């Protein structure tokens, strides 16, 4: 019986030996083949890397110093104040595209490394991600932003996976450890990712979990035990950039970050960018051609792209200068729209006032407000303003009468009380051009335009005015006065009238005279010229109107 058992054992041993010998031969045969394929792919990779095109003009003209970023002096100063020093903070940069937000963030970190007491080391990383492109798996299989765990059940888990060891994989937040994580278009980040990011900002580390992790497994490497126990370091400073408005971002994110506003560039600044881009590209360009570019480019990136195309057209003809005809061809072929002009008429006219508003990314604008008085039945119409506005969103949307609409009614009440109309006169106040008037700051301007039309006194065309009007004639504070004063200066105006309660804002150094007012009477005294000056503009003089008795009042949006 024993000899039978021995024979079976010998046979089993022989079979196993043949099996392992076969596997070894296959492995030895595969290694040369794999080696040859690997060498072939490496050679292909080297050939690809040996081929490169010329650097795009947009990269060639990218600012290399903070001083090279045009038009964002105040924003850069704020960014430096936040990042430099011993206690750098998280920050969100608001502003339209193509104005230098990414360049400013990258260069600010380099400057912060040189500041006294900085916690940033010289090798501090700058990790850049576009929040619109962050893709993650809800099962936590892959997460390029936060990181993930490669569990052993997944294909390609490697030797540790074969041994049943889950492997933590770092994301961008850990790669940015000790430096800056720049998230472009942070307002587009998925809500799940946003919540994960907020947790990382709070803890300054990433915690991983896995059903396959066994803290008592002695075969698990020490570093894996350490990561699951203590987390993966993620101590960085977040710089988020967005083209959205602040109210569109989660309050939890905003509360953890300082906020900076980069403004839209004006045509003169865009023209300067175009001129310098042509110069760096090795092409000559006249200043008037650069100015033409500034009137059609919406931002610095647009200007560089237009110069790139115009230089290509010049090069096809063997020229090293960009002519006006080249840029006109680019504008026509690219269907570029002319940007709204900033210069306004400074002519003294009856019933026409320069109002001020803020639009887009906190950019000031000058808007015209006109009023006409004519014989009638005492009707008052206001057109061109927002009739209603929506607050909130989704299931919590609330519709209400717009603040501009309410401000117009305040003007009507005030005109009746002060006696600037009667039942024989119709008054029409209009906002031409479809201006999106959705706030109360045009109230005092509407009142001045109305009084000018009713009394036929010309309005000072070199001045602009902003402020909310109360039913008792007092001028109330409004927002965005510094941006409005800058817009008035760029439009070629000489004076700005603003509420006295806005006196603490930094608009006195805007390069334009600022007059502070308290009441409508102050505004009328500063804005209206003597009635006899109307004769110079061909207008007939009228006497001030009597009080409006029982006139019908209509406000139309």
Of the residues in the range 84-101 that are buried (at least 17 other Cβ atoms within 10 Å of the Cβ) and touching a strand residue (DSSP E or B) at 6+ places or on another chain (Cβ under 7 Å), the one that is farthest from residue 174 (Cα to Cα) is 95
### Task
Say whether the condition of being at pLDDT 85 or above, surrounded by fewer than 19 Cβ atoms within 10 Å (Cβ to Cβ), over 19 Å from residue 258 (Cα atoms) and out of contact with any helix residue (DSSP H, G or I) (no Cβ under 7 Å at 6 or more places or on another chain) is met by at least one residue in the range 131-143.
no
If we keep only residues of the range 197-223 that are in contact (Cβ under 8 Å) with a residue 60 or more places away in the chain and under 41 Å from the mean Cα position of the chain (by Cα), then the residue nearest to residue 128 (Cα to Cα) is 201
Checked the range 444-478 for anything under 21 Å from residue 513 (Cβ atoms) and surrounded by fewer than 24 Cβ atoms within 10 Å (Cβ to Cβ); matches are 460, 461, 462, 463, 477, 478
- Yes or no: residue 153 modelled with pLDDT under 95, surrounded by 16 or more Cβ atoms within 10 Å (Cβ to Cβ) and out of contact with any strand residue (DSSP E or B) (no Cβ under 6 Å at 6 or more places or on another chain)? no
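Which one is surrounded by the most Cβ atoms within 10 Å (Cβ to Cβ), of the residues in the range 224-243 that are assigned to a loop (DSSP other than H, G, I, E, B) and touching a residue at least 60 places away in the same chain (Cβ under 8 Å)? Don't jump to the end; show me each part of the working.
Residues of the range 224-243 assigned to a loop (DSSP other than H, G, I, E, B): 231, 234-236, 243.
Keeping just the survivors that are touching a residue at least 60 places away in the same chain (Cβ under 8 Å) gives 234, 236, 243.
On the way: 234: 25, 236: 27, 243: 18.
Selected residue: 236.
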Residue hits (the range 296-337; farther than 18 Å from residue 273 by Cα and under 28 Å from the mean Cα position of the chain (by Cα)) are 332, 333, 334, 335, 337
Of the residues in the range 183-207 that are touching a helix residue (DSSP H, G or I) at 6+ places or on another chain (Cβ under 6 Å) and part of a loop (DSSP other than H, G, I, E, B), the one that is farthest from residue 164 (Cα to Cα) is 185
Residues of the range 309-342 being in contact with a strand residue (DSSP E or B) (Cβ under 9 Å, 6 or more places away or on another chain) and closer than 30 Å to residue 456 by Cβ, in sequence order, are 342
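The values are calculated or read from the model by the stated rules, or taken from the named source; none is laboratory data. Worth saying up front: this structure is predicted, and the values here are computed from it rather than measured. Virtual Cβ from ideal backbone geometry, glycine too; neighbours counted across all protein chains shown.
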